[in-house]
Amino acid sequence: MASEMLDYVSTLCLHAAKRANFGKKNWEGMVIPYLCELPILAEDDSGEEVATKIAHSYLKQMQDLLDDDESDNSDDDVRDLCNIKFNLAFGGKILLHDTKLRLKRGHRYGLVGRNGCGKTTLMTAINNGKLEDWPTHLTTFYVDSGSNVDNDFENKHVMDFLGGNGKAKEARELMESLQFSETMMAGKIGDLSGGWQMKVRICAAVLKNADILLLDEPTNHLDKSTVEWLTKYLKSLTETTVVTVSHDTNFMENICSDIIHYEKRENWFHNKLVNYKGAMSAFVEKQPQAKHYFELATSELFFKFPQPGRLEGIKTSTQRFLELERVDFRYPGTDKNQLTSVNLTMTLSSRVAVVGANGAGKTTLIKMLVGDTQPSNLGACKFFRHHNLRIAYVAQHSFHHVEQHYEQSPCDYIAWRFKDAYDREKFLSEGYRISEEEQKIADDWNLEGIWSRHMKAGKLEYEIKKRHVKEKNNKFYGRDELLEMGLEMHVKQADERIAAVEAGLDLRPITTSEIQKHLNDFGLEKEFGTYGKVKGLSGGQKVKLVLAAAMWNCPHLIVLDEPTNYLDREALGAFSKALQEFGGAVLMISHNKEFYSSVCNQQWVVADGTVNTIGTEQERAMKAVSVKKTYEKEVTVDAAVENAGGNANVDGDKYKDASTNFWGKALSKKEERNFGKAKKKGDVEAMRKILAVPMGKLMPGYEELGDGKAAKK
């Protein structure tokens, strides 16, 4: 009887501990009544007092088990900065519950956990002093990763931001040691590249001299020499405690004296923080499942990238789709070239890493390649980019775009971006947006639109539809002729629309289920993709969203500007494997040699205004297929309702080719145009009528009524 009673009490204690229920009165009420019934205590006048002591002992043992299991809090001779227990939640989600945080002066802690576990949220709470029982006398400084748009920061002048409180001389000396030019120091922070902006943040941290320095991805965008300087500086600190989040394993290995790990133990309900003494390698020895921190290939996470469709005229993976000869680039208003005499080529086999120091011109180069800018000596150089080339471009500051949709879900953002079967965000960008001056030229010429394009005698010609002119009288104009007229952006937008149709985007349903399926391939689960909001995503999750959105068009070329900055090690491994399997070309800027070496066999070294090539591409098997076939499938009734707002279904195989109707009769040119317009609008009924599809064929189990509507048979 006694042993059964003790077993029952132990079970009660275990369940209470799993739910982090450690209230002393709760434990006394739960345990003491049972213990007092034990014969040895029931017959003793002090039985209740003994039972109370046993209850408190149980409580302490369970707390110790939960708080200190596998943790290493040695060095008791070192002063504690804090030793607290707290809860942490974000957006209604419990991130940490009744967990312990102990920080010692002069230690350098690495904060480790998967994307979305709450690392940045914890550091923000520390910086704002929002944790329970946080010592209010401590000073902190937070170096933000730059994953959130901060216009207040970018609009400030560099010297005003760093030189306040009488520290102008000290700030100048520090910046000069980090190679800031006079122009940089006199300008706005927002005018600097990502690497230089991070240097500004780090300079501010050095000048602050706080008790606790909080670093969120501090090596983002930094070149090798600056990372080495930062490592040396942090290791020199003896009175300042450092807490760092970084996916740069070598950096963490070099600076960390301790690791704080987010853990969810088996049979427990909440994440806890567990301390490990030593650097990253010592932590991995104790937690072998974390070996992906040192070996990208060991990641168990998988990304799946869409394979590119065919590229007109490209028969092999070594045939050039991009070629530059003697290309110069100079920013308007300057008297010196940023890049001079650039000679480069790319094919579907290309795997290229663009490397060089901060400010060398790496981002300038790829912006020209993707079409955001043009060579300054256009006409005197060769600049060929295939007219049907689809590019997925993830820019260094891509978060600026998604954060304009803060209150929307990731699915809503992608639906907004591609609902018209082309990339609306690209059309709104500076490189594709039609200016008022160009629109006036188009209006004066009565241009209604560019409808199609064909190749004639080796040159591109565009079908021009003018207002108040019948379709049969449309005329074709050469590309050069339209550009000379000043219609450059109209031509670029027409090329993008045609390339989108080639990718099958006009057939791909913009439904929540289809978009979420796509997000799943990039590791963004339904919890975040469908039911979450953009504002609730971590930096790593935003990268996944930006990647997924950029690759909705099934690109031939993926261009990445510092893509690894916010991805955890598992995601980085998955990203590397997906790029290796991708059937198109890859071009990336990255300071993470471990990552780009796993993908790229070529380097473009940018230095002193020139670009030199190291390595040779290796021929790859052609994986390009007709992407349209992927979406030539039956669209369900639910998808039709969601996409078109109606209640009809469409058999994609019956309307994918609008040159003939259901009965094989050729459509007139006008019917083809009307069909295209109806399909773009999602007008299922209009499409059905043009193709003369019987309702019984369109919707099995239904029959057509006299008024064109449908009813169940």
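The values are calculated or read from the model by the stated rules, or taken from the named source; none is laboratory data. Quick caveat: nothing in here was measured; it's all calculated off a predicted structure. All Cβ positions, glycine included, derive from the backbone under ideal geometry; neighbour counts span all protein chains shown.
Quick look at the values:
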item	result
Check on Leu567, surrounded by 20 or more Cβ atoms within 10 Å (Cβ to Cβ), modelled with pLDDT under 95, in contact with a Lys or Arg (Cβ under 7 Å, 6 or more places away or on another chain) and not in a helix (DSSP H, G or I)	no
Where Thr231 falls short, out of the listed (1) buried (at least 21 other Cβ atoms within 10 Å of the Cβ); (2) in contact with a helix residue (DSSP H, G or I) (Cβ under 7 Å, 6 or more places away or on another chain); (3) closer than 30 Å to Cys82 by Cα; (4) not aromatic (Phe, Trp, Tyr)	(1)
Single residue of Val206, Val200 found to be over 30 Å from Ala16 (Cα atoms), in the same structural domain as Asn127 (by TED's automatic domain parsing), free of Cβ contacts under 8 Å to residues at least 60 places away in the same chain and under 27 Å from the mean Cα position of the chain (by Cα)	Val200
Residues that are in a helix (DSSP H, G or I), modelled with pLDDT of 90 or more and of a type in the set (Phe, Trp, Tyr), drawn from region 158-199	none
Wholly enclosed helices (runs of 4 or more DSSP H) of region 478-544 bearing at least 3 residues assigned by TED's automatic domain parsing to the domain that holds Met455 and either within 30 Å of Gly113 (Cα to Cα) or touching a strand residue (DSSP E or B) at 6+ places or on another chain (Cβ under 7 Å) (or both)	488-502
Enumeration of residues in region 344-367 that are within 17 Å of Phe383 (Cβ to Cβ) and in a strand (DSSP E or B)	Leu344, Thr345, Met346
Lone unmet requirement of (1) touching a residue at least 40 places away in the same chain (Cβ under 8 Å); (2) in a helix (DSSP H, G or I); (3) under 28 Å from Phe675 (Cα atoms) for Glu437	(3)
Pairs where the first residue, in region 456-475, is under 17 Å from Asn674 (Cβ atoms) and the second is among the small types (Gly, Ala, Ser), C-beta under 7 Å, 6+ apart	Glu463/Ser452; Lys465/Gly449
Thr226, sole failed condition from (1) under 30 Å from Gln541 (Cα atoms); (2) touching a Gly at 6+ places or on another chain (Cβ under 6 Å)	(2)
Given (1) surrounded by fewer than 16 Cβ atoms within 10 Å (Cβ to Cβ); (2) assigned to a helix (DSSP H, G or I); (3) of a type in the set (Lys, Arg), index of the condition Lys426 fails	(1)
Unique residue being touching a helix residue (DSSP H, G or I) at 6+ places or on another chain (Cβ under 8 Å) and either crowded, with 19+ Cβ neighbours inside 10 Å or outside any strand (DSSP E or B) (or both) when the list is Leu122, Leu111	Leu111
Candidate set from region 382-412 (those that are surrounded by fewer than 23 Cβ atoms within 10 Å (Cβ to Cβ) and among the aromatic types (Phe, Trp, Tyr)); member that is farthest from Glu154 (Cα to Cα)	Phe384
Failed criterion for Leu324 (all others in (1) of a type in the set (A, V, I, L, M, F, W, C); (2) surrounded by fewer than 19 Cβ atoms within 10 Å (Cβ to Cβ); (3) at pLDDT 95 or above hold)	(2)
Cross-chain or 6+ apart pairs with Cβ under 7 Å, region 364-380 first and farther than 17 Å from Ala392 by Cβ, then among the polar types (S, T, N, Q) and surrounded by 16 or more Cβ atoms within 10 Å (Cβ to Cβ)	Thr364/Gln338
Qualifying residue in region 92-101 (condition: surrounded by 18 or more Cβ atoms within 10 Å (Cβ to Cβ) and under 20 Å from Cys203 (Cα atoms))	no
Selected residue (criterion: farthest from the chain's Cα centre (by Cα)) from residues of region 570-596 that are hydroxyl-bearing (Ser, Thr, Tyr) and modelled with pLDDT of 90 or more	Tyr596
Filtered residues of region 442-478 (kept if closer than 26 Å to Leu389 by Cβ and of a type in the set (A, V, I, L, M, F, W, C))	Ala442, Leu447, Ile450, Trp451, Met455, Ala457, Leu460, Ile464, Phe476
